Ligand code: FES
Ligand code: FES
């Protein structure tokens, strides 16, 4: 049976009604109209649906709604806008770090979690943090460069 | 009245879309609408086309609005494929925009009572002696509903100010800020969600269905059955997914197991009936008589998936009379052609809009899912239905790049010159696209109760070729025979994958070249140059050798080594040479790749380099890891665990240099790196450890077996 849940998404409390086992991905995309998290596999293998839960990157496609009650969720829409881009978003634009871009929002969220815990990551740290993120277009080099660039831009701000 | 046949041939896609108004409209908000038929598939084409238009019109890039392709207003430019968009759409736009600019110059000269020669144009404003007017002031006076003459010459290379410079991709901000940018994100009022239940294999027939339980599930609007086509529509996406899973359990299928076994696939293919064509035949008996060393080898490449990260998606709406479709197809007009047959309504009752999708790298499930969505939408008219395939739908049912076998035999003389060359390629055709043939190629077409026959796949002819793409070497050999054996029996569903047969043919040619160089004790770079006259080909090879600081005769150290690969894509497109550095650890790893590329006049250097980097990385993934898995029933690689692709930790550093040739025509950059990269890796493996692996992918087992 559908149940009512209160979620904290991007700092706002929102009420939704759905089956408790509904993957968070569909709640974000269809109930809250936040399209930044994207469906790729539904089984936690590609990273396209990645968002932050209490600051940690999780795959929203295999996170049920009941598991996020009381946690705070951040999606790509919550980290920056065209007017006020997050340094990572600015760096991805500056490096033109995307081709089709479908994987990018998930990668941005994992990168944010990485920089939040490790402000000066090495290439190896980046590769590890993005271990579960697939990019079929082959934007890997630019993505690494963009993360380094953002790390530099954010230096001292934390 | 003259007929189309007597009309002069106009450049690129202009020939088939001859009205200026079809391409350009002056908007009243200070921008210019540019309508094209080519579509964005992550390759940055719309940015490159906007640059071309802006430059010719003398407006700024931000004043150009590209109108996404649709079958109502935009020109019909067929497919966005084969790295032809800059040549076809770009050439058309150069002439269209030059002519539009000239018409407005005349109008401006009249309005300002000045001579045309004195007029200056910038940012869309025409000025002379302090007086000014603009495209927008004059829009009402210049009628663009007229046939293009293509008589106004576009700018000379030296006068271009936007083409050839850095331009940020116009579509990327939306994608990076997580705005609704893809078809997957489109929301229409009343949108319902559909999912498909496919048969268990290609040949299966539905025996019975007990769908009462599915209909009773929460949110289910309809269970749709049309022959062997099955789907569900529900209010919510997760409800549709659950209902489809239950529906799959509610079917009984007759599903004969008909596929050849994976382990025998190459024998199976080469023993089928073939249509053989000799595509190159050169004879020089005197040279042949000098034969000293002869090598023979067979190379194999498996089925490879497009493996888009975002599974295919479409939205359809049927109001009882007209269908409206949104699709990430590479060819919205050809797709509409198949829709006419499958939906059995005339073309003027179907509108197809293009919407961006996840990168496709060729013909994936984009077209198929559009028919799925239309069939579901018809059942719940007038509600719009969004269908996104599940991962397993995409991985199992997308058309794959065909498996191929190449048998090569070559001889050198005592001085190490190749005197004889034979190349035979066995392959299925490489295109199953929509819009051709008597029937349809869409998955659901033959499943429907009133089926539409399946159109046979086609293999586009030379010079571009398909299965025989790049089978004729660019190197100069006195004796040469190249044959293509086309296998029409297609056990797995196949269609165009980036570079088509060019990937496998170049892998084979460039491997054999390396084998010969080694047999002759020659350096592989020097050996290639020895057999090449084409100056642009030589230039990319010399450049990449320089970039990588290649040492003549360099040898690997037992685990680490480097190799080279080269091709002129389609023998008429870009030139690309790649050097790869590999190291054999637990698995073979590519640590670095260098690419030198000549695509003629470069429109957007950063965009081109992005495409080439991507091509190198994707081809690295194909070469090291990828093969579609199947058993005698169906495809078994239905997810990323069974079809692994390159990860971040496995992605080599890539360095790309463009050799800009402003006075040569622009060529696409999207596909040229595939063949050279695969070949460079295979050759680097040999350089590293001294073994030759002739079957892809280069898995640990295969390398170990070769070393044993
Ligand atoms: S969609 Fe969630 S990991 Fe792939
Ligand atoms: S940019 Fe297309 S999948 Fe990463």
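The values are calculated or read from the model by the stated rules, or taken from the named source; none is laboratory data. Given the structure is predicted, the values throughout are model-derived calculations rather than measurements. Every residue, glycine as well, gets a Cβ built from its backbone with ideal geometry; the counts of neighbours run over all protein chains shown.
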Looking at (1) touching a residue at least 24 places away in the same chain (Cβ under 8 Å); (2) in contact with a helix residue (DSSP H, G or I) (Cβ under 6 Å, 6 or more places away or on another chain); (3) within 14 Å of ligand 2 (Cβ to nearest atom), which is the one condition that is false for residue A:103? (2)
So, of the residues in region B:140-169 that are within 14 Å of chain A (Cβ to nearest Cβ) and farther than 13 Å from residue B:52 by Cβ, which turns out to be nearest to the chain's Cα centre (by Cα)? B:169
Show me the helices (runs of 4 or more DSSP H) entirely contained within region B:170-252 in which 2 or more residues are within 14 Å of chain A (Cβ to nearest Cβ). B:172-176, B:237-249
Of all residues in region B:475-499, how many are closer than 27 Å to residue B:527 by Cβ and out of contact with any helix residue (DSSP H, G or I) (no Cβ under 6 Å at 6 or more places or on another chain)? 8
Does residue A:124 meet the test of being more than 20 Å from residue B:388 (Cα to Cα), more than 15 Å from ligand 2 (Cβ to nearest atom) and within 9 Å of another protein chain (Cβ to nearest Cβ)? yes
Just checking, does region B:1-22 include any residue being surrounded by fewer than 19 Cβ atoms within 10 Å (Cβ to Cβ), at pLDDT 90 or above and touching a helix residue (DSSP H, G or I) at 6+ places or on another chain (Cβ under 6 Å)? yes
Of B:267, B:281, which residue is out of contact with any strand residue (DSSP E or B) (no Cβ under 8 Å at 6 or more places or on another chain), exposed (fewer than 14 other Cβ atoms within 10 Å of the Cβ), more than 30 Å from residue A:17 (Cβ to Cβ) and modelled with pLDDT of 95 or more? B:267
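For every residue, the table says whether it meets (1) more than 15 Å from ligand 1 (Cβ to nearest atom); (2) assigned to a loop (DSSP other than H, G, I, E, B); (3) more than 7 Å from chain B (Cβ to nearest Cβ).
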{"site": "A:58", "(1), (2), (3)": "no, no, yes"}
{"site": "A:61", "(1), (2), (3)": "no, no, yes"}
{"site": "A:88", "(1), (2), (3)": "yes, no, yes"}
{"site": "A:102", "(1), (2), (3)": "no, yes, no"}
{"site": "A:111", "(1), (2), (3)": "yes, no, yes"}
{"site": "A:120", "(1), (2), (3)": "yes, yes, yes"}
{"site": "A:136", "(1), (2), (3)": "no, yes, no"}
Taking region A:58-73 on its own, how many of its residues are surrounded by 21 or more Cβ atoms within 10 Å (Cβ to Cβ) and in contact (Cβ under 8 Å) with a residue 60 or more places away in the chain? 4
Condition met for residue A:81 (more than 12 Å from the chain's Cα centre (by Cα), within 13 Å of ligand 1 (Cβ to nearest atom), surrounded by fewer than 23 Cβ atoms within 10 Å (Cβ to Cβ) and closer than 28 Å to residue B:312 by Cα): no
Does residue A:144 count as surrounded by fewer than 24 Cβ atoms within 10 Å (Cβ to Cβ), assigned to a helix (DSSP H, G or I), at the interface with chain B (Cβ under 10 Å from one of its Cβ atoms) and within 16 Å of ligand 2 (Cβ to nearest atom)? yes
Being closer than 20 Å to residue B:393 by Cβ and buried (at least 19 other Cβ atoms within 10 Å of the Cβ) is the filter; apply it to region B:640-664 and report the residue that is nearest to the chain's Cα centre (by Cα). B:645
Sort through A:36, A:70 and tell me the only one that's away from ligand 2 (no atom under 16 Å from the Cβ) and not assigned by TED's automatic domain parsing to the domain that holds residue A:146. A:70
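Residue by residue, here is whether (1) within 9 Å of chain B (Cβ to nearest Cβ); (2) closer than 21 Å to residue A:134 by Cβ; (3) over 18 Å from the mean Cα position of the chain (by Cα) holds:
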site	(1), (2), (3)
A:4	no, no, yes
A:8	no, no, no
A:11	no, no, no
A:18	yes, no, yes
A:23	yes, yes, no
A:35	yes, yes, no
A:43	yes, yes, no
Specify which of the listed residues (B:66, B:45) is under 13 Å from the mean Cα position of the chain (by Cα) and either within 14 Å of chain A (Cβ to nearest Cβ) or modelled with pLDDT of 90 or more (or both). B:45
If residue A:31 passes every condition in (1) under 13 Å from the mean Cα position of the chain (by Cα); (2) under 15 Å from residue A:7 (Cα atoms); (3) within 11 Å of chain B (Cβ to nearest Cβ); (4) surrounded by fewer than 23 Cβ atoms within 10 Å (Cβ to Cβ) but one, which one does it miss? (1)
Going through region A:39-58 in order, the residues found to be on the phi < 0 side of the Ramachandran plot and away from ligand 2 (no atom under 16 Å from the Cβ) are A:43, A:51, A:52, A:53, A:56, A:57, A:58
Please go through region A:75-86 and pick out each residue that is part of a helix (DSSP H, G or I), farther than 27 Å from residue B:613 by Cα and facing another protein chain (nearest Cβ under 7 Å). A:77
Go through region B:517-559 and count every residue that is assigned to a helix (DSSP H, G or I), more than 29 Å from the chain's Cα centre (by Cα) and more than 22 Å from residue B:592 (Cα to Cα). 6
Considering only region B:355-387, state which residues are assigned to a helix (DSSP H, G or I), over 23 Å from residue B:503 (Cβ atoms) and within 15 Å of ligand 2 (Cβ to nearest atom). none
Residue tally, condition under 27 Å from residue B:265 (Cα atoms), surrounded by fewer than 24 Cβ atoms within 10 Å (Cβ to Cβ) and in contact (Cβ under 8 Å) with a residue 40 or more places away in the chain, over region B:665-697: 5
Can you confirm whether region B:589-606 contains a residue that is under 17 Å from the mean Cα position of the chain (by Cα) and within 26 Å of residue B:45 (Cα to Cα)? yes
Could you say which residue among A:18, A:83, A:48 is closer than 30 Å to residue B:45 by Cα and in contact with a helix residue (DSSP H, G or I) (Cβ under 7 Å, 6 or more places away or on another chain)? A:48
Of all residues being within 30 Å of residue B:91 (Cα to Cα) and touching a strand residue (DSSP E or B) at 6+ places or on another chain (Cβ under 7 Å) in region B:600-636, which is surrounded by the most Cβ atoms within 10 Å (Cβ to Cβ)? Just the residue, please. B:616
Suppose we keep only residues that are buried (at least 24 other Cβ atoms within 10 Å of the Cβ) and free of Cβ contacts under 8 Å to residues at least 24 places away in the same chain within region A:34-52. Which one would you say is nearest to ligand 1 (Cβ to nearest atom)? A:41
Hey, can you tell me all the residues within region B:388-418 that are within 12 Å of chain A (Cβ to nearest Cβ) and assigned to a strand (DSSP E or B)? B:388
Quick one: which helices (runs of 4 or more DSSP H) sit completely within region B:603-708 and have at least 1 residues that are closer than 29 Å to residue A:111 by Cβ and within 13 Å of chain A (Cβ to nearest Cβ)? B:605-625, B:674-689
